[in-house]
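Notes for the one structure printed next.
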Amino acid sequence: MVLVGNIATDEVKDIARRIAHIIIAPETVKGMINGALTVPLDMGYLAWGYLDTDSRFSHQTQRIRMVTAIRHDILNYQNIVNAAQKILELFNTYLSESQQDTAYRSVMSSVAGRMLATKLVTLIAAAALERVSFIVAADSKGVIGTVAMALLVGGMSERSIRTAQALEAEDPEVYMLLAPHDYDLLYFLIEPAVKPFVDAIHVRVTQGSPAFNRIIHEVGERLNARQ
């Protein structure tokens, strides 16, 4: 196994491949999110929460936080945009200007350079909101309906809580960015689309800039190969 720092070359290439795919075809995030957010999967999380008696009390505390966040309109479009944008902005802080140009310049002629990031977050938010809209009954003031509230304290809330806990354990740097705004509760909605960037951030934090720069170099090579 070839290592770049302490990270395997195959892992570098995998993260780079996933980032490049999203940059080249940002419209694919809708399919990623649709494929991940399913009622059967939420039912599975509900069953998991029912059987996992050891975490029931701590999860109840988190459900109270979720209900409070819902009452403050956490599920609106702008909050989902903000959550995705914070992650991509953190990713971009680790890129030099030349690296950002390399990563973004070759995609979609209608989007100039780093403006792709803005387009990407709006696509992610729109896809996530569309997917959950079937359980969100909101009036013009953004008040969540009774049916939505009932469902959100079931399987979807269990999934939200467990995904946020996994993020805190595995990628605390991203969790700490989202949690002050309760955006960690939204992470499960956008995870399929932002995970490659989160993985790259984690490499930068845990392995340092050489391993991260290798990922970005690989992204640039993949983008250049399609020109």
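The values are calculated or read from the model by the stated rules, or taken from the named source; none is laboratory data. Values in this document were obtained by computation on a predicted structure and should not be read as measured data. In case anyone asks, the SASA skips ligands and DNA or RNA and just uses the protein heavy atoms, side chains included. Shrake-Rupley method; radii C 1.70, N 1.55, O 1.52, S 1.80 Å.
For this structure, a couple of remarks:
- Accessible surface ranking for ASP73, ASP184, 1.4 angstrom probe, highest first: ASP73, ASP184.
- Figure note: TYR94, TYR187, TYR175, TYR77 ranked by solvent-accessible area, largest first, 1.4 Å probe, ligands and nucleic acids not counted: TYR77, TYR94, TYR175, TYR187.
- Rounded if a/c under 1.5, otherwise prolate or oblate - the stretch 161-221, Cα gyration tensor axes: prolate
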